[in-house]
Amino acid sequence: MILKTTVFLLILVGCFHPSHSQQQSPGPFNVVIILADDLGYADVGFNGCKDIPTPNIDRIAQNGAKFTNGYVTYAVCGPSRAGLLTGKYQDRFGFGRNPLLAPNDPDMGLPLSEKTLADHMKAFGYQTMAIGKWHLGAHTSLHPNNRGFDEFFGFLSGGHRYFPEEWVLNDEFEAQSQYDGYRTKLLRNFERVEEREYLTDALSREAVRFIRNNARTSFFLYLAYNAPHTPLQATSTYLERFSHLFDKKRRTYAAMVSALDDGVGRVLDELEALGISDNTLVVFLSDNGGPESANASDNGVLREGKGSFFDGGLRVPFAMQWPARIPSGTVYQAPVISLDIAATLLENLEPGGALKRDLDGINLLPFLGNPRVKAPQRTFFWRNFDRNWQAARSSEFKLVIREGENPQLYRITEDIGERTNVLPENRTVYEKIAETWNAWEASLQDPAFLGLSQDRAYNQLHPDRFVRSGGPE
Ligand code: CA
């Protein structure tokens with residue numbers, strides 16, 4: 001298999017980037033996915049941010065490609081992560097809600113019927129690690145170590161506090177309500193650890209350690225920072241960089257983004273120092289748009305934010321580098337989606353891999369930096385089951401249907417802020433997109449578990465929600 005993959009890589013490199021073939025080292029590539037949490041579209045330098053320098057995140061865009069129309073599969077954390085890590089629209093397997101913290105519940109999270117990217121990568125001999133926020137299930141059966149990751153360092157809940165002195169709960173069973181999950185001690189695999197560093201710094205340190213330890217083998221790292229998700233908490237080291245910012249909330253947010261950017265820098269530096277940067281695919285994106293009023297993020301000209309099906313909730317900072325394969329300085333304007341990450345990885349490990357596994361994305365590499373290859377005509381879809389919302393994005397148009405409102409169609413390529421409803425003069429376009437959305441919905445499942453907005457109902461059904469049942473983990 002390794003030989004076959006190598007030959008395939010060499011052929012691809014020869015076809016698309018002959019100038020890079022000198023640098024191409026044979027053998028499989030490494031993968032680092034860096035996920036930010038609730039980062040605004042306009043909060044990175046490569047999307048025009050002025051008040052928060054992000055030189056390291058920007059390096060990824062400069063070294064490779066930035067995607068100006070990069071989407072995620074949902075406007076809040078859990079479902080977006082389920083889509084990213086499976087490469088499939090999460091509603092296909094009933095992940096239509098943001099999971100609750102429910103350590104006794106094997107059905108609260110990513111169903112075992114689904115393979116994660118880590119499962120796939122392990123099958124190709126990769127060493128795999130998840131760092132940071134999990135949010136795909138707190139039951140032991142759904143723990144990252146049982147979902148394809150050799151190593152895990154982080155927390156299972158949907159968010160977390162940032163200062164070690166606030167991590168006072170020994171495990172999820174000591175929680176009494178949803179947000180107590182933010183105060184658990186961190187996990188290294190199944191063991192609780194006494195961590196002393198600011199959370200973002202601790203996650204960066206672990207990422208560097210994993211990369212260093214696995215430099216001689218192929219590795220897959222899923223580095224899921226919870227910055228800059230609320231609560232807004234930063235150390236003086238980072239806050240001092242922004243003492244000139246008048247708005248206290250924005251100042252703390254900026255400090256958190258700056259800590260994240262430092263971590264990205266440590267990862268990139270380590271890859272370069274080890275001489276493995278050229279053959280490592282590094283992807284950076286946010287799991288959803290910024291909740292501007294909650295964390296002082298900025299989605300720029302995009303309409304609305306986290307939770308919304310306008311682009312402020314769905315279009316995110318998105319960049320990718322792979323020096324041996326992607327020309328530096330590429331700016332890719334056609335729509336892409338987080339689902340494309342899994343398809344890109346698996347297609348490059350095994351041609352036909354995405355199809356074989358029924359993945360919803362495509363391999364992006366043939367399209368990057370090669371103007372002769374025309375962008376594929378695709379439509380992306382979103383569904384909010386509980387609120388009966390629909391959205392779709394084609395190459396040119398964006399459709400948003402919210403219950404109780406008239407359907408809205410925007411010529412998104414010219415109207416990025418989704419201001420002018422052009423549905424009346426484009427009724428045929430609307431009907432065609434709505435028809436494809438309906439066909440897509442026919443392949444979906446209803447939500448398989450109650451979500452964050454049904455916290456009270458869940459507690460009534462499960463009075464033993466945080467009562468440890470059975471033996472020790
Ligand atoms: Ca999020």
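The values are calculated or read from the model by the stated rules, or taken from the named source; none is laboratory data. Note that the coordinates shown come from a computational prediction; the quantities given were computed from them, not determined experimentally. Every residue, glycine as well, gets a Cβ built from its backbone with ideal geometry; the counts of neighbours run over all protein chains shown.
Please go through region 43-69 and pick out each residue that is surrounded by fewer than 22 Cβ atoms within 10 Å (Cβ to Cβ) and assigned to a loop (DSSP other than H, G, I, E, B).
GLY48, CYS49, LYS50, ASP51, PRO53, THR68, ASN69
Any idea which of ASP360, ASP340 is in a loop (DSSP other than H, G, I, E, B) and either not assigned by TED's automatic domain parsing to the domain that holds ARG402 or not polar (S, T, N, Q) (or both)?
Result: ASP360 is the single residue among ASP360, ASP340 that is in a loop (DSSP other than H, G, I, E, B) and either not assigned by TED's automatic domain parsing to the domain that holds ARG402 or not polar (S, T, N, Q) (or both).
Determine which single condition VAL282 fails, assuming it passes every other condition in (1) closer than 26 Å to GLU396 by Cβ; (2) in contact with a Leu (Cβ under 8 Å, 6 or more places away or on another chain).
(1)
Just checking, which of LEU355, LEU345, LEU399 is away from the ligand (no atom under 16 Å from the Cβ), surrounded by 24 or more Cβ atoms within 10 Å (Cβ to Cβ) and part of a helix (DSSP H, G or I)?
LEU345
Being within 30 Å of ARG402 (Cβ to Cβ) and either more than 16 Å from the ligand (Cβ to nearest atom) or not assigned by TED's automatic domain parsing to the domain that holds SER204 (or both) is the filter here; which residues of region 262-308 pass it?
Across region 262-308, the qualifying residues are GLY300, VAL301, ARG303.
Considering only residues that are under 17 Å from ILE33 (Cβ atoms), of a type outside the set (Gly, Ala, Ser) and within 21 Å of the chain's Cα centre (by Cα), which ones fall in region 260-270?
LEU260, ASP261, VAL264, ARG266, VAL267, LEU268
Any residue in region 127-143 that is closer than 26 Å to THR280 by Cα sitting within a Cβ distance under 6 Å of a residue that is part of a strand (DSSP E or B) and of a type outside the set (A, V, I, L, M)? List the pairs, counting only those 6 or more apart or interchain.
Close Cβ pairs (under 6 Å, with a partner that is part of a strand (DSSP E or B) and of a type outside the set (A, V, I, L, M)) amount to GLN127/PHE219; THR128/PHE220; MET129/GLU151; ALA130/PHE152; ALA130/TYR222; ILE131/PHE153; ILE131/GLY154; GLY132/GLY154.
Before we move on, is LEU245 in a loop (DSSP other than H, G, I, E, B) and either at pLDDT 95 or above or within 16 Å of the ligand (Cβ to nearest atom) (or both)?
yes
Would you mind stating whether SER177 is small (Gly, Ala, Ser) and closer than 18 Å to THR235 by Cβ?
No: the conditions fail for SER177.
Per-residue answers, yes or no, for (1) within 21 Å of the chain's Cα centre (by Cα); (2) under 30 Å from GLN460 (Cβ atoms):
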{"position": "ARG183", "(1), (2)": "no, yes"}
{"position": "ARG188", "(1), (2)": "no, no"}
{"position": "LEU203", "(1), (2)": "yes, no"}
{"position": "HIS229", "(1), (2)": "yes, yes"}
{"position": "GLU240", "(1), (2)": "no, no"}
{"position": "LYS248", "(1), (2)": "no, no"}
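Within region 381-424, track down each residue that is farther than 25 Å from LEU339 by Cβ and charged (D, E, K, R).
Result: GLU403, GLU405, GLU414, ARG419.
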